[in-house]
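Colleague: Structure provided below as C-alpha cells; questions to follow.
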Amino acid sequence: MNKNFKKVIDLIAEMKQSFASASQKFEQATLMDGTIVEFEIFEVGQPLFVVTETETIPAPEGTHALSGELEGVSVVVDANGIIVEIIDERGTEEVVVEEATSEEQMSVQQVESMINAKLESFATSIEAVAEMMKIIADLPSKILNWVTASLKPVTKSNWSNHCKSST
C-alpha cells in the first residue's frame with residue numbers, strides 16, 4: 001500500500017476516534033412522569049433529548065413539565081426536539097441551570113484546536129493523494145513515450161539484425 005494513501009487512512013481513523021471520544025457535557029432533568037431528559041444549554045433554540053435505557057433521542061413535540069428543582073417549569077418542544085419556549089410558573093424564582101466551568105470551556109476550545117490541527121493534516125494528505133493521482137494519470141503517456149523511444153525503426157540496413165533479435 002502506498003505510504004501517502006496509508007497516511008490518509010490512518011488520519012481518517014484518528015479523526016474518527018477523536019470525534020468519538022470528544023463527549024459533550026449534558027445536564028439532566030426529570031419530567032413529572034419520571035422521564036429523564038438532557039440538554040447542553042437550557043434555553044430556547046437548543047435541543048432537548050429523552051434518555052432511554054438504550055439510546056438518547058430528540059424529545060417529542062409538545063409541552064413537558066419538569067420536576068425536582070425545576071418543578072413549575074415547562075418546556076415546549078417542536079417536532080425536531082428543539083426548545084421553542086420555556087414557561088416558568090414558579091413566580092419570581094429564576095430557573096437555575098449550572099453554567100459550564102472555565103475548565104469545560106477550555107476543553108471545548110482544546111477540542112476545536114485539535115480538530116483544526118487534524119483537518120490541516122488531513123488537507124495536506126489529501127493534497128498528496130491528489131498529486132499521486134495526477135502522476136498516475138500521466139503514467140500511460142509516459143509509458144507510451146518510453147516504449148516508442150525504445151523501439152528502433154526497421155530499415156534495410158538493420159533488417160537482418162531485427163530478424164535475429166525477434167527469434
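Colleague: Looking only at region 39-57, decide whether some residue is loosely packed, with under 13 Cβ neighbours inside 10 Å, more than 30 Å from V111 (Cβ to Cβ) and not aromatic (F, W, Y).
Modeller: The answer is no, given that none of the residues of region 39-57 is loosely packed, with under 13 Cβ neighbours inside 10 Å, more than 30 Å from V111 (Cβ to Cβ) and not aromatic (F, W, Y).
Colleague: Test I86 against the stated conditions and say whether it is within 30 Å of Q110 (Cβ to Cβ), at pLDDT 85 or above and not hydroxyl-bearing (S, T, Y).
Modeller: no
Colleague: Considering only residues of region 46-67 that are in a strand (DSSP E or B), under 25 Å from the mean Cα position of the chain (by Cα) and of a type outside the set (A, V, I, L, M), which is modelled with the lowest pLDDT?
Modeller: So the residue we want is T56.
Colleague: Determine whether A123 is at pLDDT 80 or above and outside any loop (DSSP other than H, G, I, E, B).
Modeller: So A123 does not fit the description; no.
Colleague: Which residue is surrounded by the fewest Cβ atoms within 10 Å (Cβ to Cβ), if the candidates are limited to region 126-157 and must be within 22 Å of L11 (Cα to Cα) and either β-branched (V, I, T) or in contact with a Gly (Cβ under 8 Å, 6 or more places away or on another chain) (or both)?
Modeller: I126
Colleague: Kindly indicate whether any position in region 27-45 is in contact (Cβ under 8 Å) with a residue 60 or more places away in the chain and more than 22 Å from the chain's Cα centre (by Cα).
Modeller: Within region 27-45, one or more residues are in contact (Cβ under 8 Å) with a residue 60 or more places away in the chain and more than 22 Å from the chain's Cα centre (by Cα).
Colleague: Shifting gears a bit: Starting from residues that are at pLDDT 90 or above and in contact with a strand residue (DSSP E or B) (Cβ under 7 Å, 6 or more places away or on another chain), keep the ones in region 68-80 and report whichever is surrounded by the most Cβ atoms within 10 Å (Cβ to Cβ).
Modeller: This residue is V75.
Colleague: Is there any pair linking a residue in region 1-18 that is closer than 14 Å to A123 by Cα and surrounded by 14 or more Cβ atoms within 10 Å (Cβ to Cβ) to one that is at pLDDT 75 or above and polar (S, T, N, Q), with Cβ under 7 Å and at least six apart or on different chains, and which?
Modeller: Partner pairs satisfying both residue conditions: N4/S125; K7/S125; V8/S125; L11/S121; L11/S125.
The values are calculated or read from the model by the stated rules, or taken from the named source; none is laboratory data. Just so you know, these numbers come straight off a predicted model, no measurement behind them. Quick reminder, even Gly has a Cβ in these numbers, built from the backbone with ideal geometry, and neighbours come from all protein chains shown.
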